[in-house]
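To start, the structure under review is shown below, and the notes come after it.
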Ligand code: PLP
């Protein structure tokens, strides 16, 4: 319709009037966008979205008819996205508290369930307080600008998630980027940053492309030596890393040394949506006053709050689900390594099958789907050039048979394409 109106405007020969000028601008924009889209297709980096016609889970039905597809690419680490108790809690919250708040938190959008969930998150992480956001992307976008000024410094791992990078861009602090998990480089940058009032080291707890875990013990030691604070993004750790699933800080024994945690409710904790910051109370109080994605965006819908609260209850009752996921991760990693594949990272349910070549990763992922296994290939610019991979993600709700089927299919496809060691 937009295009037709633009063309009509031009044909009507009313050039020079504000209406035709905007029609011409519309047409020019369309041409520019189409050319940009063509460039993306040409570069081979076009992202297709597969349409799922069932619930999230280990077995999927695709809208184009594919049924019984084994799903190995969701962040549904604990299998709680379709857990019956999580769904029931969402329905109950929906019925009792309505569809949504039609408001931001500070105007008319705070319900008792929002406060209860914040208290539960803080308790789960053993912190003083917590604040909810519509997503962890928002939590990351909102923290640095609210906390840091031009007198301060932030030191960020070069492979941090895009939302941390964007959040840091928004703040006026002095910015340092250290080499991925390189403690010598971090130390050098910390020395340089001594001239600033406050130093904040920011890192993903677990990195989503490699399944590797930040050396938090060493980071905290350096932070102590150079009087810095530590921030971690725990999206790929909360709920399942560490003896009680508290995350990377618990796994590495530094829960009392990390000052700020941002994480998501959209992965292991029910998978619906939402994010949060947890840490010292004055920080959370300040975020409620200053953090723009919190101040100027709607409250989390009650059903989403219900899901996350139930997921946390389940995790605080028992760590059996997390242990089951760890055992399945171990099964997949050891079977794939024995079959001749290189799996990056260690002990994490993100299991990147390293292939190197971008085309090989794409073709193998397609062949896997033809065998009923849904996995995704990643190549440049999402990962460095020459480090293309298929990322497999293990969930507690995969059965041993599911894992074995996946390894079998990988072995067949890898053999066909000469990808085995
Ligand atoms: N941080 C990391 C490390 C992530 O992987 C993601 C999601 O992909 C986010 C932040 C954003 O989380 P959310 O989906 O809650 O916005």
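Quick one, what does Rg over Rh come out to for the chain if you take C-alpha atoms and the Kirkwood Rh? Let's see the in-between values first.
Numbers: Rg = 23.5 Å, Rh = 23.3 Å.
Rg divided by Rh gives 1.01.
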Using only the Cα atoms of segment 230-286, build the gyration tensor, take square roots of its eigenvalues as a ≥ b ≥ c, and label the shape rounded, prolate or oblate: rounded if a/c is under 1.5, else prolate if a/b is larger than b/c, else oblate. oblate
For segment 62-200, the Cα-Cα pair-distance distribution in 5 Å bins from 0, as whole percents, is 2, 8, 11, 13, 16, 14, 12, 10, 8, 5, 2, 0, 0
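What's the extension gain from residue 112 to residue 92 if we count 0.36 nm per residue and subtract their Cα-Cα distance?
Details: separation 20, 0.36 × 20 = 7.20 nm, distance 1.42 nm.
Working it through step by step, the gained length comes to 5.8 nm.
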When the chain is fully extended, how far beyond the present Cα-Cα distance does residue 99 get from residue 51, taking 0.36 nm per residue of separation? 14.8 nm
Calculated over segment 84-317: convex hull of Cα atoms, volume per residue (Å³): 106
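How big, in percent, is the set of alpha carbon pairs in segment 24-69 lying more than 15 Å apart? Walk me through the intermediate numbers first.
Details: 640 of 1035 pairs.
Taking all Cα-Cα pairs of segment 24-69, the fraction more than 15 Å apart is 62 percent.
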For n ≥ 4 DSSP H runs only, could you compute -39500 (n - 2.57) per run for the chain, divide by its residues and tell me the 222 nm figure to the nearest 500? -14000 deg cm²/dmol
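Let me make sure I get this right: for segment 348-406, a, b and c are the square roots of the gyration tensor eigenvalues over alpha carbons, sorted descending. Under 1.5 in a/c it's rounded, otherwise prolate if a/b > b/c, else oblate. Which is it? List each step's numbers first, then the result.
Numbers: a/c = 3.00, a/b = 1.62, b/c = 1.85.
In terms of gyration-tensor shape, oblate.
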Rounded FRET efficiency, nearest 0.05, which uses the C-beta distance separating residue 31 from residue 342 and R0 of 45 Å: 0.50
For 226, 178, ascending order of other Cβ atoms within 10 Å (fewest first) is 226, 178
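From the P(r) of segment 253-362, can you give the percent of Cα pairs sitting at distances over 23 Å? Don't skip to the end; give the middle numbers.
Numbers: 3167 of 5995 pairs.
Taking all Cα-Cα pairs of segment 253-362, the fraction more than 23 Å apart is 53 percent.
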Using the basic label-point model (7 angstrom from Cα toward the beta carbon), what is the residue 417 to residue 64 distance in nanometres? 1.7
Highest average packing first - 351-357, 51-57, Cβ atoms within 10 Å: 351-357, 51-57
Let me know the shape class of segment 186-290, please: from the alpha-carbon gyration tensor, a ≥ b ≥ c as square roots of the eigenvalues, rounded when a/c is under 1.5, otherwise prolate if a/b is greater than b/c, or oblate. oblate
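Stick to Cα atoms and the Kirkwood definition of Rh, then tell me Rg/Rh for segment 154-207.
Working: Rg = 10.6 Å, Rh = 11.3 Å.
Result for segment 154-207 is an Rg/Rh of 0.94.
Using alpha carbons only, what's the Rg to Rh ratio of segment 310-387 with Rh from Kirkwood? Don't skip to the answer; put the middle values down first.
Working: Rg = 15.6 Å, Rh = 14.5 Å.
On the Cα set of segment 310-387, Rg over Rh gives 1.07.
Every read-out reported here was derived from the displayed coordinates using simple, explicitly stated rules and does not represent laboratory data. As the structure is a prediction and not an experimental result, all values here were calculated from the model. Reconstructed Cβ throughout: ideal geometry from the backbone, glycine too, with neighbour counts over all protein chains shown.
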